[in-house]
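Participant: Can you keep this structure in mind? I'll have questions shortly.
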Amino acid sequence: MQNVIIRAEEGGHAPENPLGFVPVEFATSLVVFGLLLFAIWKFVVPRFEKTFAERTEAIEGGLSAAETKQAEADAKLAELEKQLADARHEAARIREEAREQGAQIVAEMREQAQAESSRIVEHGKTQIEAERQQAVTSLRAEVGALATTLAGRIVGESLDDEARQSRVVERFLADLEADGSTSTGSGVN
């Protein structure tokens with residue numbers, strides 16, 4: 001650096017100021033800058049604006065499509081919730097009908113069982129009564145035969161006559177029944 005200063009002092013030519021103003025360079029720079037600005041304004045900016053407009057339209061279209069889809073989804077959800085509520089209501093109605101039908105079936109089965117039970121009891125009573133009548137008839141015949149045999153031995157004559165035998169048996173059984181009812185009626189067994 002001292003070398004540069006010494007040369008300037010020796011009367012040599014002083015170097016130009018690097019920060020100094022040069023009007024030709026300034027004008028040239030201004031013209032180039034203007035041309036560059038004009039070219040950017042004319043060719044680049046419209047493409048950027050077109051791209052921005054397309055993106056804006058795409059975004060707005062996407063947003064409107066999304067809103068439409070959201071509205072459709074909300075409507076579909078509401079419809080599905082309504083269908084679900086209807087299905088639940090229908091299921092509850094079916095369950096209630098099934099309960100009622102079950103209760104009705106149980107009542108019918110009880111009625112049928114009661115009727116069947118009554119029929120069986122009635123049939124049993126009828127059968128028992130028939131068997132009792134048969135036993136009484138059989139017993140009367142046996143008792144009658146024994147009674148006539150015994151009476152014949154006691155009296156000493158034969159009671160083979162059927163009419164006489166029948167009268168003796170009837171009288172004997174009537175006496176037995178009369179004795180049985182008076183002993184039961186008096187409380188003595």
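The values are calculated or read from the model by the stated rules, or taken from the named source; none is laboratory data. Remember, predicted model here, so these are calculated numbers, not experimental data. In this analysis, Cβ positions are derived from the backbone assuming ideal geometry, glycine residues included, and neighbour counts consider all displayed protein chains.
Participant: Within region 150-162, can one find any residue that is of a type in the set (A, V, I, L, M, F, W, C), in contact with a helix residue (DSSP H, G or I) (Cβ under 7 Å, 6 or more places away or on another chain), at pLDDT 75 or above and surrounded by 10 or more Cβ atoms within 10 Å (Cβ to Cβ)?
Facilitator: Within region 150-162 (the criterion being of a type in the set (A, V, I, L, M, F, W, C), in contact with a helix residue (DSSP H, G or I) (Cβ under 7 Å, 6 or more places away or on another chain), at pLDDT 75 or above and surrounded by 10 or more Cβ atoms within 10 Å (Cβ to Cβ)), the answer is no, since none of the residues qualifies.
Participant: Run down ARG55, ARG88, ARG93, ARG47 and say which single residue is at negative phi, basic (Lys, Arg) and either exposed (fewer than 10 other Cβ atoms within 10 Å of the Cβ) or in contact with a strand residue (DSSP E or B) (Cβ under 8 Å, 6 or more places away or on another chain) (or both).
Facilitator: Unique residue meeting the criteria: ARG47.
Participant: Hey, does region 108-124 have a residue that's closer than 27 Å to GLU177 by Cβ and without any contact (Cβ under 8 Å) to a residue 60 or more places away in the chain?
Facilitator: There is at least one residue in region 108-124 that is closer than 27 Å to GLU177 by Cβ and without any contact (Cβ under 8 Å) to a residue 60 or more places away in the chain.
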